[in-house]
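What follows draws every value from the coordinates through simple rules; no lab data is involved. Model, not experiment: these values are computed from the prediction. Don't worry about glycine lacking a Cβ; one is built from the backbone with ideal geometry, like all the others, and counts go over all protein chains shown.
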Amino acid sequence: MSDGDVLAVADHRRGDLRDVSFQLLTAGRELADDLGGDLHVAVISGDVDSFADQLAREGVDTIHTVSEGEEFNHDVYVQAVEALFDELAPTALLAPNSVNGLDYVPAVATRLDVPLTTDAVDLTYDESLEVTREMYGSKVETTVEVTATPFAVSIRGGEWPAAEPGGDAEIESFPFDVDESEIGSRVTGFEEVGGGDVDIGDAEFLVSIGRGIEEEENLDLIRDLVDATDATLSSSRPIVDNGWLPKNRQVGQSGKQVTPDVYLAIGISGAVQHVAGMKGSDTIVAINTDPNAPIFDIADYGVVGDLFDVVPALIDEFGG
């Protein structure tokens, strides 16, 4: 590698690349452009050849595959990323701010003795790295300046668009021998926990409800709309706290981060904690009786009206 290069580490689970991996490519390309270098991507464990083909998108220069194990393992990732870093000598190490990323990246940064900034929502480099982060429930944005190089950063999912398909990235196998004496754990299986009937993070069209539906009985009306539009039902935190929907349906900072093509917010005021989980949606439509509701600040389309009038009209329109 030359000065200014970026090494980004893709994320996968249960045989599938996570959406944030493709967003990571966009963030990595932008940072590599700022640094004047190339974007290198590493994919570790699992079906690395298939993953590499999917990651060979616009802006990626080289993909390094590490065939070691099938699923994420902390010790394997720490060793592999450290070996890649030592071999390639990048200026920047990027990883998703995911469960896996937060598991191994701090250990790698400690072993490499490089500064680590987590949960970035924006990155720029001009003589020094500036990382934008959110604090106090996304109410405040802060900027962290990192003057040392090399450095490591984890990025929040949903803040960058996915890299476009195409490109002509080189795919190279990275020879790597795991030190078995440093492996302290093994993945023996998976168990789904708590209401895993649907993954709202995969939905293309979400109908999401908030306090405005008033009573649990009114969920039947919303479900009729969900059926008419072939959408997926989600909600803000109060609906889950009331026990009207399971936790896996919750959108927001303490729930799921989603990026559907269409997000229809019904009776949701738009508190910052909720917005943090859905602001990456392609198109946001809001229905609320309060014309000053914060949700209208980010909505592409807004209806100021009573949902009990608007939703039946939508059902008639889409349900034929």
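The HN-Hα couplings worked out from phi for region 9-26 by the Karplus form 6.51 cos²θ - 1.76 cosθ + 1.60 (θ = phi - 60°) are 10, 6, 10, 9, 8, 6, x, 10, 5, 7, 3, 4, 5, 6, 5, 4, 5, 5 Hz, whole numbers, x standing for Gly and Pro. Across the alpha-carbon set of region 194-291, the Rg to Rh ratio works out to 0.91, Rh being the Kirkwood radius. Charged neighbours of PHE85, selected by a Cβ distance under 13 Å, balance to -4 (K, R count +1; D, E count -1). Once the Cα atoms are used to define both axes, helix 99-112 deviates from the longest principal axis of the chain by about 30 degrees. Treating each Cα of region 6-182 as an identical point scatterer and ignoring solvent, apply the Debye formula and state log10 I(q)/I(0) at q = 0.15 Å⁻¹. Summing over Cα pairs of region 6-182 leads to -0.78.
Is region 1-103 rounded, prolate or oblate when judged by the Cα gyration tensor, a ≥ b ≥ c being the square roots of its eigenvalues, rounded requiring a/c under 1.5 and prolate requiring a/b larger than b/c?
Numbers: a/c = 1.68, a/b = 1.38, b/c = 1.22.
It is prolate, given that a/c is not under 1.5 and a/b is the larger ratio.
Run lengths n ≥ 4 of DSSP H only: what is the helix-derived mean residue ellipticity at 222 nm for the chain, with -39500 (n - 2.57) per run over all residues, to the nearest 500?
Numbers: 9 runs with 94 residues, N = 320.
Rounded to the nearest 500, it is -8500 deg cm²/dmol.
Once the cut-off is 15 Å, how many percent of the Cα-Cα pairs in region 15-66 end up in the long-distance tail? Cα-Cα pairs of region 15-66 separated by over 15 Å account for 41 percent.
Which percent of the Cα-Cα distances in region 73-142 go past 16 Å? Let's see the in-between values first.
Numbers: 1300 of 2415 pairs.
It works out to 54 percent of all Cα pairs.
For the pair ASP16 and VAL178, the difference between a 0.36 nm per residue extended length and the Cα-Cα distance amounts to 56.0 nm. Each part gets one Cα centre, and for region 17-70 versus region 91-167 those centres are 15 Å apart. Once you reduce region 252-287 and region 218-245 to the center of their Cα atoms, the two points are 14 Å from each other.
P(r) for the chain, please, calculated from all Cα pair distances in 20 Å bins and given in %. Pair shares across the bins are 30, 51, 18, 0.
To the nearest 0.05, how large is the calculated FRET efficiency for THR147 and GLU87 if R₀ is 22 Å and r is the Cβ-Cβ distance? Provide the component values of the computation, followed by the final result.
On the way: r = 25 Å, r/R0 = 1.15.
Calculated value: 0.30.
Computed from the Cβ-Cβ distance with R0 of 51 Å, the FRET efficiency linking THR132 to ASP220 stands at 0.75.
For ASP16, what charge total do you get from the other residues with a beta carbon under 12 Å from its beta carbon, if Lys and Arg give +1 and Asp and Glu give -1? Provide the component values of the computation, followed by the final result.
On the way: positive: ARG13, ARG14, ARG18; negative: ASP11, ASP19, ASP47, GLU71, ASP199, ASP202.
That sum, taken over residues with Cβ under 12 Å, equals -3.
For ALA42, the residues whose modelled amide H falls within less than 5 Å of its own, excluding neighbours fewer than 5 places apart on the same chain, are ALA8, VAL9, ALA10, HIS64.
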